[in-house]
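Derivation of every value follows stated rules applied to the coordinates shown; laboratory data play no part. Keep in mind the model is a prediction, meaning the values are calculated, not measured. Cβ atoms come from the backbone with ideal geometry, glycine included; neighbour counts cover every protein chain shown.
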Amino acid sequence: MTTFDPKHAAAAALAAALSVAALSTARADIANYEFRLVQTDIKQGNGAIVAVRLVDKRSGKPVADAVIFTTRIDMAPDGMPTMTAPIEALPSTEPGVYRFKANLMMAGGWQLSLGAKIQGEIGTIENKLVLKAVP
């Protein structure tokens, strides 16, 4: 016959609560991350290099090895969201910095939209960054 032991029940409840608390603090909220432009003014033309830094907002430290699966650049800031330009990923030159080559054929406001997964985190980070193509 099994008897109820309040001491064992309390210990088990405490262990369960501690393990849940440890798991919830091990993962950061995806909202704690953001992309930031390295430069806001980019030289207009074909082959323009746009660099962004992925940072952990809590520490300000760069986040390397994210998987960027969505990239789009358009002129939405100037009221032309359907005016898009080709964009391609380039190799990184430093941890946490992601570089792209784009054809910024017109001077003015451009919006870079990014979607990425961060290793070890649940959810997707999505940012829209506004930059300016200058002659």
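For Ile30 and Ser113 in one chain, what is 0.36 nm times their gap in residues minus the Cα-Cα distance, to one decimal in nm?
28.2 nm
At a Cα cut-off below 13 Å, give the aspartates and glutamates reachable from Lys132, other chains included and same-chain residues fewer than 8 away excluded.
Asp41, Asp74, Asp78
How much length is gained on full extension from Glu121 to Lys43, taking 0.36 nm per residue of separation minus their Cα-Cα distance?
24.6 nm
Mind checking the full-extension length gain between Arg53 and Leu90? Use 0.36 nm per residue of separation minus the Cα-Cα distance, one decimal, nm.
Numbers: separation 37, 0.36 × 37 = 13.32 nm, distance 1.35 nm.
Taking 0.36 nm per residue and subtracting the Cα distance, the gain is 12.0 nm.
Rank these for me by crowding, Thr71, Thr124, going from fewest to most other beta carbons within 10 Å.
Values: Thr71 17, Thr124 13.
Result, fewest neighbours first: Thr124, Thr71.
Report the net charge of residues surrounding Ile87, where surrounding means a beta-carbon distance below 15 angstrom and charges are Lys +1, Arg +1, Asp -1, Glu -1. It would help to have the intermediate numbers written out before the result.
Numbers: positive: Arg72, Arg99, Lys101, Lys128; negative: Asp74, Glu88.
Around Ile87, the surrounding residues sum to +2.
Kindly flag which residue pairs out of Lys61/Lys101; Lys57/Lys128; Lys57/Lys117; Lys43/Lys128; Lys101/Lys128 have an alpha-carbon separation exceeding 21 Å in this structure. Don't jump to the answer; show the numbers that get you there.
Values: Lys61/Lys101 24 Å; Lys57/Lys128 16 Å; Lys57/Lys117 16 Å; Lys43/Lys128 19 Å; Lys101/Lys128 17 Å.
Check vs 21 Å cut-off fails for Lys61/Lys101.
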